[in-house]
Each structure stands twice: as C-alpha cells, then as structure tokens.
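Enquirer: Structure provided below as structure tokens; questions to follow.
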Amino acid sequence: MNILDDKRVTEYLTVGLSSVKRAKGTYLQDTLQSIFSASSEEELDQMVIVVLLADFDISWIQQTVEKITDEFHRRLSKGQLLIIHASENNYPPLAGLKRNFNDAPDRVSFRSKQNVDYSYLLHFSSNLSQYYIMLEDDVSCSKNFLTSIRGHIRSMSNSKWVTLEFSKLGYIGKLYQSRDLPILARFLYNFYQEMPCDFLLSHFHRLLMQDKVIRFRPSLFQHMGTYSSFHGTFNRLKDDDFVEEIADNPPADVSTNIEVYQTNTVDKAYNQGSEYFWGVSPIGPENYILVVFRTPVLISRVQIQTGLDGKDELVYADVELGKTLVKKESEVECSGFDKLGSIQQGQFNEPAVQKLVPATVACLRIQVTAAHPTWLVVRKIQGWTVNICTCYSSAQHHKLIFSLYDYGFVFSVS
C-alpha cells in the first residue's frame, strides 16, 4: 500500500504540516517561507517538507496549489516540498461524535477531523526520513532550526525517547523517530473522536514508556497566526521561550561575583530561555561574569543583551576572551584576555570575532569597568562557534509526483 516502500530513506528530517481554509487570515505561504529562509541550502538538502491540504473545498485546494507552485516551484522541483491531499470519502464520520470535555458539536467535529488529518500526514511521511517534526500552518522558525534539532538528538544518544518537544504550544515542534510514525498514525485514527491531538500525544509517549515530557529550550518555533483555523476566532497565543536566532552556546560553567537576587542565577542568561540573571548593587570594577568553556572553542560571534524594559542595563563593561585556564583547589581562573569591545547602551554584538581573536579560547568574561548605579539584568549571553563539518546531501533524487496512496489526489510538477 505504501508507494514509497521501494525508496531508501535518505533525508534526515521531514517537516509535516496540515492546512485548511480559514475564515480569516492565511499563513501557509508565510510559514513555508519561514522554513526555507531559516534554513541553509545544506540543511534543506537533508529535509523534506510535506503539506497536507486538508480542506474539502476543492477550489481552495486548486488555488492554494497554484499559489504554492508559483512561489516555491524550485523547492517543489528539487523534491524539498511535497503537497498532498486526502479525499473526503476516506474520512470516518465527523458528525454525531462523542462530546467528551463537554465541547460543542462543531468543536468536536473540528478537532476530530484534525486528528484524522494528522494521521494521514504521519502515514504518508513514515518512510521519508530518519526523523519527523510536526508544525502547524501558522508558525515562524528559528534560524538553522535543523542544526539545533540535530544537536539535541545527539545529546539524547544514550537515552530512549519517543517524543522531543521544541515548542510548548499545542502540536507545534513535536519530534518523532520515523519508525514510530505508523503507530502514532494509527493511534490518532483509532481515538480520533476522544480528545484533541495534543492530549492524545501526551498519552502516546507514556504508552511507549517515556514517562516525562522532554522539552528543549529555547523554543525553535513560534505561533504567528492571529486568527484560529476554527471559525476564525482571535488567537494571540505566543511561546515566550522562542528565540529567533539560536546561538551555539557551547557547554560551559557560568559564574559571577555579583550578588544574585533570589533565584535569578547567572546561568539563566546563558541558557537562552525566557529567564535572566538579576544582580544586586553595589556593582563595581571588581565584579565580573565568567563563562568557562568545558573544551576550547573557536568563537565567531558574541552577543550580549542587558536590561529589562529600559531599566537595569549594564553601562560600563568590557567583553573579553581568555586563552588560558589555571585550575586551583577551589576554583578555575582564566587568563590571557583579549578585549573584543565595550558594552554600549546595555548591548554588545561583535559579528567578526575571528578577525580579532582567531585562536581557540577557554573563556568569555564580562568585566565591569566602573561603578554601576543600579541593579543589573543580563538577559542573553550568546556565543556562536566555528564549525567544520561535512554535510550529507540527499537532494539528487526527484520526488516530482506525490500522492497520499489511494486516499485522493495526485499532484505533479514538471
């Protein structure tokens, strides 16, 4: 039944999303543009995006296919973008369903159909790549999200997992191993009328013995739609852990001799989440924040953001990179510093570190240079590294015909 059984799985990641006609607003093309613009060509060669047009309005489907073809013809012709559709005749009953959670009948019908949509999407995608991530049709993406995902998957190499989460919102940014997709597709289909898909998801990973949610921060995907696909209702939902450009921030130990306010410890500025470091005055030239890398690294860019709502900004400080670590009984000291520059108006951004310090470094230091008049908030300490890697390319084969097996339409691109 699976027309892709004779094809070898060559891509690293499938990005799947389902889209329906909306009463207000349309975000599908913006979402696709975000996926492509946030990814390098090397990343796109390891990725395939599958869009299920899940509405039963045939004229809307035809118009949407034409728009996508006009804007993304190159991606279609390279096999990086596939468009599929399932016929209404292949859906189970969507009326007269159980009213679990006391939802209104139209709400039950909507969320039940959505479960079936995702089931078909997962089933089609099961042989396309090693991993699969679910998005929605109204999201924006962090830059180089695939590279970030790959790093997190590597970090889990010694652990068993079913679902990794890269957003805290609904069914956005949920990652699976493709070998589990047929089981998940059947699970959503069998229980389609019982509860919303994100509820079913929480049961799925528990049934496969992943007891706890595994969510990585910062989030790699952000909800950008203003109006819901359900009756066009207003929806301002946002993920406050989302970061548009994720730094590499290599493993490090972060310390400071500035007094910490409550639980706002300095490591939170380095973790790239929504939390931050909050330091108490007095703060002066004897104070610093030190990031000691666990292995020497080549730094390409450094960015530091301080202050909150225009208050508690760091005014007088230099940003430095140190080359040498000296281990003592109770602490580690860093030396051999080169100055990158000074913080200006609470911010620092040096995009060309290699021109200033082309060698490997052991630490990064923010050194206060004068008495600081207020408390201090450091929201972000970000560092990008120089990576040397050979990226596998798998875009040589063509996927110019895509279908959802015997479920419906077949679209082709010439």
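Enquirer: Being modelled with pLDDT of 95 or more and within 20 Å of residue 126 (Cβ to Cβ): is that true of residue 80 here? Walk me through how you get there before you give the answer.
Expert: Working: modelled with pLDDT of 95 or more: yes; within 20 Å of residue 126 (Cβ to Cβ): yes.
Taking the combined requirement at face value, the residue satisfies it.
Enquirer: Of all residues in the stretch 275-285 being of a type outside the set (A, V, I, L, M, F, W, C) and closer than 17 Å to residue 254 by Cα, which is surrounded by the most Cβ atoms within 10 Å (Cβ to Cβ)?
Expert: Of the residues in the stretch 275-285, the ones of a type outside the set (A, V, I, L, M, F, W, C) are 275-276, 279, 281-282, 284-285.
Of the ones still in play, those that are also closer than 17 Å to residue 254 by Cα are 275-276, 279.
Working: 275: 16, 276: 20, 279: 26.
Among residues in the stretch 275-285 that are of a type outside the set (A, V, I, L, M, F, W, C) and closer than 17 Å to residue 254 by Cα, the one surrounded by the most Cβ atoms within 10 Å (Cβ to Cβ) is 279.
Enquirer: Shifting gears a bit: Contact list please: Cβ distance under 6 Å, first residue in the stretch 275-299 and touching a residue at least 24 places away in the same chain (Cβ under 8 Å) and over 26 Å from residue 386 (Cα atoms), second residue of a type in the set (A, V, I, L, M) and assigned to a loop (DSSP other than H, G, I, E, B), pairs at least six apart or on different chains.
Expert: Pairs that qualify, where the first residue is touching a residue at least 24 places away in the same chain (Cβ under 8 Å) and over 26 Å from residue 386 (Cα atoms) and the partner is of a type in the set (A, V, I, L, M) and assigned to a loop (DSSP other than H, G, I, E, B), are 277/266; 279/258; 283/258; 284/371; 287/258.
Enquirer: Could I ask something else about it? Please verify whether residue 74 is on the phi < 0 side of the Ramachandran plot and out of contact with any Phe, Trp or Tyr (no Cβ under 7 Å at 6 or more places or on another chain), treating the condition exactly as stated.
Expert: Here the answer is yes, as residue 74 does meet what is asked.
Enquirer: Tell me which of these residue 346 doesn't satisfy, since it passes every other one: (1) closer than 21 Å to residue 246 by Cα; (2) modelled with pLDDT of 90 or more; (3) open to solvent by 20 Å² or more (accessible area, probe 1.4 Å); (4) of a type outside the set (S, T, N, Q).
Expert: (3)
Enquirer: Quick one: in the stretch 174-211, of everything that is in a loop (DSSP other than H, G, I, E, B) and either aromatic (Phe, Trp, Tyr) or without any contact (Cβ under 8 Å) to a residue 60 or more places away in the chain (or both), which residue is surrounded by the most Cβ atoms within 10 Å (Cβ to Cβ)?
Expert: This residue is 192.
Enquirer: All but one of (1) under 17 Å from residue 370 (Cβ atoms); (2) in contact with a Lys or Arg (Cβ under 7 Å, 6 or more places away or on another chain) hold for residue 313; which doesn't?
Expert: Among (1) under 17 Å from residue 370 (Cβ atoms); (2) in contact with a Lys or Arg (Cβ under 7 Å, 6 or more places away or on another chain), residue 313 violates only (2).
Enquirer: Follow-up question, since we're still on this one. Quick check on residue 339: is it surrounded by 13 or more Cβ atoms within 10 Å (Cβ to Cβ), basic (Lys, Arg), closer than 27 Å to residue 359 by Cβ and without any contact (Cβ under 8 Å) to a residue 24 or more places away in the chain? Don't jump to the end; show me each part of the working.
Expert: Details: surrounded by 13 or more Cβ atoms within 10 Å (Cβ to Cβ): yes; basic (Lys, Arg): yes; closer than 27 Å to residue 359 by Cβ: yes; without any contact (Cβ under 8 Å) to a residue 24 or more places away in the chain: yes.
In short, yes.
Enquirer: Where in the stretch 310-357 are there strands (runs of 3 or more DSSP E), lying wholly inside it, with at least 3 residues that are among the hydrophobic types (A, V, I, L, M, F, W, C)? Working first, answer last.
Expert: Working: elements: 317-327, 332-342, 347-350.
Strands (runs of 3 or more DSSP E) meeting the threshold: 317-327, 332-342.
The values are calculated or read from the model by the stated rules, or taken from the named source; none is laboratory data. Everything numeric in this text was worked out from a predicted model, so none of it was measured. When we count neighbours, we look across all protein chains shown, and the Cβ atoms used for this are built from the backbone with ideal geometry, even at glycine. Calculation scope for accessible area: heavy atoms of the full protein, side chains included, ligands and nucleic acids excluded. Shrake-Rupley method; radii C 1.70, N 1.55, O 1.52, S 1.80 Å.
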